[in-house]
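Colleague: Structure below; questions to follow.
The values are calculated or read from the model by the stated rules, or taken from the named source; none is laboratory data. Given the structure is predicted, the values throughout are model-derived calculations rather than measurements. Every residue, glycine as well, gets a Cβ built from its backbone with ideal geometry; the counts of neighbours run over all protein chains shown. The protein model used for the area step is the full one, side chains on, heavy atoms only, and it has no ligands, DNA or RNA in it. Shrake-Rupley method; radii C 1.70, N 1.55, O 1.52, S 1.80 Å.
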Amino acid sequence: ASRGSSTPTGTLNIGQISNSVAFFPLFIAEQRGIFAEEGVKLGDRPRLGTGAKVAAALKSGSIDLGAGVVTDAFNLAESDDGTRIVSSLVSEYYVDIIVATSLDVPGDGASVEDKAAALVGKKIGITGPGSGTEALVKYLFGRIGKDAAVDATLVNLGAAATSAVGALKSGRVDALAFFQPIGQQAEAVGAGRIFISPARGDVPSMRGALHGVMFSTTALLDKKKDEVAAFQRAMGKALEVIHGDEAEVRQLLGQYLDKSDPAAVDALVPILRSEVPSTPDVQRDAYETAKRFHLDSGLVTNAPDYSAVILG
Amino acid sequence: MTEASGVITETAGNGGPVRVAVPRTWWQRHGTTTTVWVLRLALIAFVLVLWEIAGERWIDITFTSKPTDIVTRLVEWAADGTLWLHSWITVQEIVYGFLLGAVTGALAGFVLASLNLLYRVLDPFIMALYSIPKVALAPLFIVWFGIGMHMKVLLAAATVFFLVFLNTAAGVRDVDRGLVDAVRLMGGNRWDIARKVVLPASMTGVLTGLKVAIPYALIGAVIGELVASNRGLGYLINDAAAQFDTAGVFATLVVLSVIAAVLNVFVGLIDKRVNKWKPIND
Amino acid sequence: MTEASGVITETAGNGGPVRVAVPRTWWQRHGTTTTVWVLRLALIAFVLVLWEIAGERWIDITFTSKPTDIVTRLVEWAADGTLWLHSWITVQEIVYGFLLGAVTGALAGFVLASLNLLYRVLDPFIMALYSIPKVALAPLFIVWFGIGMHMKVLLAAATVFFLVFLNTAAGVRDVDRGLVDAVRLMGGNRWDIARKVVLPASMTGVLTGLKVAIPYALIGAVIGELVASNRGLGYLINDAAAQFDTAGVFATLVVLSVIAAVLNVFVGLIDKRVNKWKPIND
Amino acid sequence: MTATLLQTRELTKQFAKNDVATVALRDFTLSIEEGSFVTVLGRSGCGKSTLLNLLAGLTQPSKGEVRYRDRVLTGPDTEIGYLTQSDTLMPWRDVLRNVEMPLEIRGTPARERRAVATELIGRVGLTGFEHHYPRELSGGMRRRTSLARLLAGNPSTLLMDEPFGALDAQLRAELQADLLRLWHEGGQTVVFVTHDIEEALLLGDRVVVLGKIGAILLDRPIELARPRNADTLRVDPEFVALHTELAAALQEGAR
Amino acid sequence: MTATLLQTRELTKQFAKNDVATVALRDFTLSIEEGSFVTVLGRSGCGKSTLLNLLAGLTQPSKGEVRYRDRVLTGPDTEIGYLTQSDTLMPWRDVLRNVEMPLEIRGTPARERRAVATELIGRVGLTGFEHHYPRELSGGMRRRTSLARLLAGNPSTLLMDEPFGALDAQLRAELQADLLRLWHEGGQTVVFVTHDIEEALLLGDRVVVLGKIGAILLDRPIELARPRNADTLRVDPEFVALHTELAAALQEGAR
Ligand SMILES: Nc1ncnc2c1ncn2[C@@H]1O[C@H](COP(=O)(O)OP(=O)(O)OP(=O)(O)O)[C@@H](O)[C@H]1O
Ligand SMILES: Nc1ncnc2c1ncn2[C@@H]1O[C@H](COP(=O)(O)OP(=O)(O)OP(=O)(O)O)[C@@H](O)[C@H]1O
Ligand SMILES: O=C([O-])O
Ligand SMILES: [Mg+2]
Ligand SMILES: [Mg+2]
């Protein structure tokens, strides 16, 4: 029942969940004129806040591509088997557990199980139910035989950094499970520190999981074959830039996160370079790691096969 | 028109007015109310059937769900207790928020409307505060009031306050001078004037304020739950939305609508009571 | 009291009433307005200074920012054009949403309030619809109305509609029967009654509706921009909040408050115009 | 001059409240000739205003009917002008615009209605007060504005509920004379409620005295010669006899 | 009986609107003795109600002052009762609760105020209408309710603005008699505005005729013997002379 694209030929409308670091490549491609070079124009780029709204926008045909996390694509696939993942933008799980500075927890060297055990009985802020942030907490608790719904108090704080850091700093929650760069921002203002970071390698089983993606549906993609191909080439060039000169990346990221604390931006550059893949094409092992994590953590009950969902 | 009647029986004596008993049939007594309810039910039925059919044939139920799915979800939730747990929490927040906002709003309205200069000075600031989207202040609310029930009650009260305040103030400023003077002549002080003239005379304003504020008590509480919560109907909406469970979202909205309707009935009862002196519209 | 005057000069002839010129000094003419503005400015200054000092000494400005930072941000945005671009978009949404909602709301209020049975039947449904938190319906709004300006205008209009509708309906139902009858006696039809009696008599209700609706036109537009946006003040708030830029959030709120105050002045002017027959409160 | 213009048949009006109704008027039957000037007297609360409301088509009878020119009256009619007992000036319109109102509704051009209204305002002695709002007028001035508004509608039947009660003797005499002149020239039909026996006799060519719930205690023609002058009339034996008769009828109604 | 109770000095009231003011009363000076019954006559719009508003302390003079018991009056005083020209009954209270209101404000216990109110309602002939709301009353009945409310306050000074204008002759006579009895027994001071010369002469022991903007055209004692009876008075030569004198004064004011 999806409507076709409503945008003119040569143009792509992209709906993003947020301005998170995962979508830095889009910024680079735009900033450097890469899209123009490849012959595609970006139309509207609404920030939609949640996966449900990205899905709604895709279904209504007001956007051609959704920029979100793989969870959103899995959710969409449940109601639309034409769902396709177009590109891979981040292949690390970029959600961190951040604890209040005052919280008594094991040091950095401790095992992930010990660290997870330190969170039992605590109030943990997440973005919302059914989100990737909740999934990480559930997954970590699952590994030590606990149930996050019972053995901790999960508090939904929405996606705004101010709410999250505010709740942590004012002691309303003991810890946060939040996406980058909230951890870096919390550290920059001294509200807390990053405690468990899958992207840093703290959770070996989640290593290299596909996370930030561009996705869409065949109803839309069929009409925009050339544009999507051009988009994909542009992403390739943008990812090259991120893996290129570090100073240049620092400068671009500073522009992207123009209002953020410079210390947080500094901290982010090396992390970004390590979690961004070298090619926008979705790698099978990254996909499978992500799929396994989603099913294990109960984030989704079904996930399509690699071959069914990958565009190509 | 209820004047037409059958047998006319004199009941009053000589000195007093002439009164007659007008025994009314059941239908004369309850006819309108019955008609109203029948029409309401018919409307509900019509909308539900149309929705169900549309959901099956013409529209994509991914985003609109359909009545049978919603009912199924409600029955499920009623059975496993989810419904009662979350509704109870939200109802508490709504009621406390509504009461807090309505009482402070009505008081502020009465006081400020009679202090003309102060009202004029503060008016733009009140409007400016009122215009701030509460969601934008959510972080501040969390920092100041925490993530518990207090925060949601205050968020609900904040919206209710403004609506009741502005409506009350408008009502108060419209009170007939003649009636106020009558009480002054009887030696009434400010308090007598407020209680015996301004309050009854501005009841239309106050009640309109209460009526338009009901939905905002709900919206305020739910927004609070969307922002910082793990319980309540706002949480249920959030949870269902994240899981693409449209039936769940709509089931929660149905519960919210029912709560609103019940509160509306309460305000309607107050309205009937205080306005019984007014002519019935015909 | 402006009656006291110096030289009394007769101005009217024999047949008419006795009128005298009462030349007023500048202060008698503009004194109150000046006082009001001075007090307002003093209040603003007081709050800003207190905020600044508190921000430096007592409270954590991470969440409240402080006036100087906010001004700095505003100056920056004004210089690079950000401010004008986003404000302009939001202002358009607000104005269209407000007009659309106010006109439809006032019309519906006039029509439904005079159709008593229909009003009673529909009232609970209207209240139920009104009580649904718009954010919960965001996906539906996107599917139905897209992500463009239409969606935001409709979201703003939806809230304004209810407030204006309910206030207008309350005002209309409170109109003096005697005045309506007077127009019926003159041979006036429904339309004459609506225009020449109900409209002027229910002006307090309508204007209160407009006044309480202003903030919701803003909130509606901003919520729409939070739902799906890459432009507008809602987007600015979102962007600033996501990057933990409290000064940016507050700077946007200041802009919103200014817009609300300006719209409020407009409604105030209408108020003054249509209510010039009323006694001035003293 | 002898055609029946207004006719009531077993007219009953009662105001219901729950299961009890207050009877204001019961089984009231009366015929009013076209062109006649009927004055109505009656004690406070006997149903005079209720009757006029029914004759004007403003309220519907509980029983019986009002016929106007032999058709059942179901609502107000522009031919029938009604000066109600209580004030119904629009508070948001000044004197001029209040008086213009019936013409405005009729669609009369602005210039013409201004001229007519200004003339009428002069006639009721309010020249100079055109731009006063009702709340800026004295009680008697408001009454006169209502009268001017009534006349602006140029109705052929006039229902008047104590129109001159709030006016001083001088002004009352002037306006009475004015009304009589109008009636005499225009052939209007007038139903005039008053509390003043003298006024009833001075104006009417028929007087109806009502008792409790509109019982007709007296209904007789007044054949005093016109023009009638208050000062000379007061010593006229026919007038004195009539005065006594009416006063007696009213007194009877008190029991 | 000869102490001055109410006194006005160069009392002026004008209503300003932008740069022009309408003068309602100018340089009005009058003294009213304690215990006297002063009737005030004057053409419509001459400033009678404006004067009473000032005497009641409801409005502040533009110039001059009102002294009550030798103190400047700055606001209403419970000793001064005022029956205003227009209706100020609370529409949301029934007759009984409207009449009880002054007692309620004074803090009289519920039983007592019910008794007093019921008695007064009987006196104005409204027994049986205790539970009617004002809108369910006739014009005259509303007026009587206001009167009962005034008396419930038991004021020692009564300001009355055309209290009996809307009542029938019979009822008016009864209430006039009632008022005179009350005055005779209680020693109240009464200022009574009326349009009816006969009523002025029947009631007052002093009559003041006002002209434009409150100019005093005539101020004289009425020394007709009490009790005065309307019917016998009408043929009393002293009464007729007074009537002519007042009528002439009023006529003068018209010019
Ligand atoms: N809306 C109403 N509800 C109940 N009773 C009413 C209503 N209107 C009038 N009445 C009653 O009807 C009776 C007649 O009232 P009406 O106004 O016709 O009297 P009236 O003859 O005009 O008296 P007045 O000379 O005092 O104006 C009164 O007893 C009054 O209480
Ligand atoms: N609020 C006001 N604004 C302007 N003019 C007013 C106001 N109130 C009264 N007036 C004017 O003052 C004058 C006197 O009015 P007032 O009511 O005292 O007359 P009155 O003698 O009581 O007349 P009536 O016998 O008709 O009641 C009138 O010309 C009136 O227009
Ligand atoms: O957020 C709202 O108040 O609708
Ligand atoms: Mg009457
Ligand atoms: Mg007067």
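Colleague: Per-residue HN-Hα couplings for the stretch E:73-83, Karplus 6.51 cos²θ - 1.76 cosθ + 1.60 at θ = phi - 60°, whole Hz, x for Gly and Pro?
Modeller: Per-residue couplings from phi come out as 7, 10, x, x, 9, 5, 5, 9, x, 9, 9 Hz.
Colleague: Pull up the cross-link candidates among the lysines for A:Lys146, meaning alpha carbon to alpha carbon under 17 Å and not fewer than 8 places away within one chain.
Modeller: Correct list for A:Lys146: A:Lys115, A:Lys122, A:Lys123, A:Lys138.
Colleague: In nm, one decimal, shortest first: how far is the label point of B:Thr32 (7 Å from Cα along Cα to beta carbon) from the matching points in the other copies?
Modeller: 4.1
Colleague: Could you work out the local net charge near B:Phe145, counting Lys and Arg as +1, Asp and Glu as -1, over the other residues with Cβ closer than 11 Å to its Cβ?
Modeller: Computed value for this residue: +2.
Colleague: May I ask you to derive the relative contact order of chain B, considering only C-alpha pairs under 8 Å and at least 6 residues apart, and to give it as an integer percent?
Modeller: Relative contact order comes out at 21 percent.
Colleague: Further, regarding this structure: If the stretch E:1-83 were replaced by its equivalent ellipsoid, with semi-axes equal to the square roots of 5 times the Cα gyration tensor eigenvalues, what would those be, largest first, whole Å?
Modeller: Taking √(5λ) for each Cα gyration eigenvalue gives 23, 14, 12 Å.
Colleague: Sticking with this one: Could you rank the peptides D:227-237, A:184-194 by their average count of other C-beta atoms within 10 Å per residue, with the highest value first?
Modeller: A:184-194, D:227-237
Colleague: Using 1/(1 + (r/R0)^6) with R0 = 51 angstrom and r between the beta carbons of D:Ala225 and E:Ala177, what's the FRET efficiency to the nearest 0.05?
Modeller: That gives a FRET efficiency of 0.90.
Colleague: With θ set to phi - 60°, apply the Karplus curve 6.51 cos²θ - 1.76 cosθ + 1.60 along the stretch A:287-300 and write out the HN-Hα couplings as whole Hz, x wherever there is a Gly or Pro.
Modeller: Whole-Hz 3J(HN,Hα) from phi for the stretch A:287-300: 5, 5, 4, 5, 4, 4, 4, 4, 6, 5, 7, x, 5, 9.
Colleague: Among DSSP beta bridges whose residues both lie in chain E, state the antiparallel percentage, nearest 5.
Modeller: Antiparallel bridges make up about 55 percent of those DSSP assigns within chain E.
Colleague: Less than 13 Å Cβ to Cβ from B:Ile270, Lys/Arg counted +1 and Asp/Glu -1: what total charge do the surrounding residues give?
Modeller: Net charge around B:Ile270: +3.
Colleague: Between the stretch B:36-105 and the stretch E:79-154, what's the alpha-carbon centroid distance in Å?
Modeller: 51
Colleague: Here's another thing I want to ask about it. Hey, can you grab everything whose amide H is under 5 Å from the amide H of C:Val18? Only 5+ residues off in sequence or another chain; H modelled, so Pro and N-termini drop out.
Modeller: For C:Val18, the qualifying residues are E:Val23.
Colleague: Please compute the net charge surrounding C:Lys66, taking Lys and Arg as +1 and Asp and Glu as -1 over other residues with Cβ under 12 Å from its Cβ.
Modeller: Around C:Lys66, the charge tally is -2.
Colleague: Is there a quick way to get the dipole size of the protein assembly as shown? I mean about its Cα centre, with the Cβ of Lys and Arg at +1 and of Asp and Glu at -1; what is the value in debye to the nearest 20?
Modeller: Using only the charged Cβ atoms, the result is roughly 1340 debye.
Colleague: Rank these residues by their accessible area, most exposed first, probe 1.4 Å: C:Arg177, E:Arg111, D:Arg144.
Modeller: Largest accessible area first, the list is E:Arg111, C:Arg177, D:Arg144.
Colleague: Shifting gears a bit: What does the structure give for C:226-237 when I average, per residue, the other chain Cβ atoms found within 10 Å of the residue Cβ?
Modeller: Average neighbour count from other chains, rounded to a whole number: 5.
Colleague: While we're looking at this one, here's another question. In µm²/s, what is D for chain D at 4 °C and 1.567 mPa s, where D = kT/(6 pi eta Rh) by Stokes-Einstein and Rh is the Kirkwood radius from Cα pairs?
Modeller: Taking Rh from Cα pairs, D becomes 68 µm²/s.
Colleague: Let me ask something additional. How well do other chains shield peptide E:101-108, expressed as the mean number of their Cβ atoms within 10 Å of each residue Cβ?
Modeller: 4
Colleague: Among the complete DSSP H segments of chain B, which ones combine at least 30 Å of alpha-carbon extent along their axis with a mean Kyte-Doolittle hydropathy of 1.6 or more?
Modeller: B:246-274
Colleague: Which links in E:Lys17/E:Lys212; A:Lys59/B:Lys66; A:Lys223/A:Lys291 stretch past 22 Å when you go from one Cα to the other?
Modeller: Those over the limit are A:Lys223/A:Lys291.
Colleague: Quick one: what are the phi-derived ³J(HN,Hα) couplings along the stretch D:96-104, Karplus 6.51/-1.76/1.60 with θ = phi - 60°, whole Hz, x for glycine and proline?
Modeller: Once rounded to whole Hz, the list reads 4, 6, 5, 5, 6, 3, x, 6, 4.
Colleague: Counting partner chain Cβ atoms within 10 Å of every residue's Cβ in E:39-47, what's the average?
Modeller: That average works out to 5.
Colleague: Taking each label point as 7 Å beyond Cα in the direction of the beta carbon, state the distances from B:Ala21 to the same residue in the other copies, shortest first, in nm.
Modeller: From this label point to the equivalent ones elsewhere in the assembly: 7.5 nm.
Colleague: Pull up the DSSP beta bridges for the protein assembly as shown and report the antiparallel fraction as a percent, rounded to 5.
Modeller: If I count the DSSP bridges inside the protein assembly as shown, around 60 percent turn out antiparallel.
Colleague: 5 Å is the cut-off here: which amide hydrogens, built 1.01 Å from N in the peptide plane, fall below it relative to D:Val40, excluding neighbours closer than 5 in sequence?
Modeller: Placed amide hydrogens put D:Phe192, D:Val193, D:Thr194, D:Val208 under 5 Å from D:Val40.
Colleague: Evaluate 2.2 N^0.38 Å with N set to the residue count of the protein assembly as shown, then give the Cα radius of gyration divided by it.
Modeller: It is 1.15.
Colleague: Looking at the stretch D:110-255 only, what percent of DSSP beta bridges run antiparallel? Nearest 5 please.
Modeller: Roughly 50 percent of the beta bridges in the stretch D:110-255 run antiparallel, per DSSP.
Colleague: For the stretch D:87-154, calculate the relative contact order in percent as a whole number, restricting contacts to Cα pairs under 8 Å that are 6 or more residues apart.
Modeller: Averaging sequence separation for qualifying contacts and normalising by length gives 49 percent for the stretch D:87-154.
Colleague: How much of the pair distance distribution for the stretch B:48-91 lies past 14 Å, counting alpha-carbon pairs only, in percent?
Modeller: 56
Colleague: Let me ask something else about it. Taking a label point 7 Å out from Cα toward Cβ, give me the nm distances from E:Pro237 to the same spot in the other copies, shortest first, one decimal.
Modeller: Computed spacing set for this position: 2.4 nm.
Colleague: Taking H as built 1.01 Å from N, whose amide H comes closer than 5 Å to the amide H of E:Lys17, not counting residues under 5 places away?
Modeller: E:Thr22
Colleague: Calculate the length of the line joining the C-alpha centroid of the stretch E:186-255 to that of the stretch E:1-46, in whole Å.
Modeller: Using only Cα atoms to place each centre, the spacing works out to 17 Å.
Colleague: Just need the relative contact order of chain E here, percent rounded to a whole number, with Cα pairs under 8 Å and 6+ apart.
Modeller: With pairs under 8 Å counted, the relative contact order is 24 percent.
Colleague: Going Cα to Cα from C:Lys211, which lysines come in below 23 Å? Please leave out same-chain ones fewer than 8 positions away.
Modeller: B:Lys134, B:Lys211, C:Lys134, C:Lys152, C:Lys196, C:Lys272, C:Lys276, C:Lys278
Colleague: In chain D, what residue has the beta-carbon at the shortest distance from the axis of the rotation relating D to E, and what is that distance in angstrom, rounded to the whole number?
Modeller: Taking the axis that maps D onto E, the answer comes out as D:Gly165, 3.
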